[in-house]
Each structure stands twice: as structure tokens, then as C-alpha cells.
Amino acid sequence: MEIERAREDVVVAGTAAAATVALAVVSGLGLIGDIGALATLSPVLVYFAYLFSRKGGPYGSWDTARNWALLAALVGAVVLLTTLL
């Protein structure tokens, strides 16, 4: 495994994990309504999609670790917003 590939994996995994933990903490503290288990884990599903979609390339210009990390954070934000509504 190349070190640059490992760094990209850490960025996407870290963002997905942070979004998942944030959803669990906010739900656990009762600051918003109850978030279901699948909805709480949805940023991790984005990470799995990242892992299983990158099997050797070539990758398009949109298929970057930064964009996957942004997608994981966006999914977490959407779950949070839909729970508030």
C-alpha cells in the first residue's frame, strides 16, 4: 500500500467517523430527536462506498479523497437536518 493512498483513506475514514460520532452524541444528549441506528451510521456507509469503489483506477477528476470526505460530512449534516425537521 502506498503511503499517499493510506493518507487518503485516513482522511475519508476520519471524516466519516467524526460525523458518525457527532450524530450519536447529539442524539444521545437529547439535543434533537432520536436518530435511528442506520441513519447514525450513514456516514460510515459513504466510507465503505469509497473503499469498494476504488479498485485500481483510473479515477475521474471528481473521484478524490477530499470529495468523498465532503460527501460523508454532507450526509451527516443531512441526517441531522432531517431529524430537526
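The values are calculated or read from the model by the stated rules, or taken from the named source; none is laboratory data. This is a predicted model, so every value here is computed, not measured. Please note: Cβ atoms are built from the backbone with ideal geometry, for glycine as well, and neighbour counts cover all protein chains shown. SASA here: full protein model, heavy atoms, side chains in, ligands and nucleic acids out. Shrake-Rupley method; radii C 1.70, N 1.55, O 1.52, S 1.80 Å.
Please go through segment 40-71 and give me each residue that is in contact with a Phe, Trp or Tyr (Cβ under 6 Å, 6 or more places away or on another chain) and either open to solvent by 60 Å² or more (accessible area, probe 1.4 Å) or among the aliphatic types (A, V, I, L, M) (or both), ordered by number. Spell out the reasoning first.
We begin by selecting, within segment 40-71, every residue in contact with a Phe, Trp or Tyr (Cβ under 6 Å, 6 or more places away or on another chain); these are 50, 68.
Answer for segment 40-71, where residues must be in contact with a Phe, Trp or Tyr (Cβ under 6 Å, 6 or more places away or on another chain) and either open to solvent by 60 Å² or more (accessible area, probe 1.4 Å) or among the aliphatic types (A, V, I, L, M) (or both): there is none.
For segment 40-62, what are the residues that are under 17 Å from ALA6 (Cβ atoms) and in a loop (DSSP other than H, G, I, E, B)?
Selection gives ARG54, LYS55, GLY56, GLY57, TYR59.
Cβ-Cβ under 6 Å, sequence separation 6+ or interchain: first residue in segment 11-36 and among the hydrophobic types (A, V, I, L, M, F, W, C), partner assigned to a loop (DSSP other than H, G, I, E, B) and crowded, with 18+ Cβ neighbours inside 10 Å. Which pairs?
Correct list of pairs: LEU23/ILE35.
Residues of segment 14-39 being open to solvent by 30 Å² or more (accessible area, probe 1.4 Å), of a type in the set (A, V, I, L, M) and part of a helix (DSSP H, G or I), which ones?
ALA17, ALA18, VAL21, ALA22, ALA24, VAL25, VAL26, ALA37, LEU38, ALA39
Provide a single number: the residues in segment 1-60 that are farther than 18 Å from ALA72 by Cβ and β-branched (Val, Ile, Thr).
Count: 2.
Given the conditions (1) open to solvent by less than 60 Å² (accessible area, probe 1.4 Å); (2) at pLDDT 90 or above, report the number of the one that LEU81 does not fulfil.
Here LEU81 meets the rest and fails (1).
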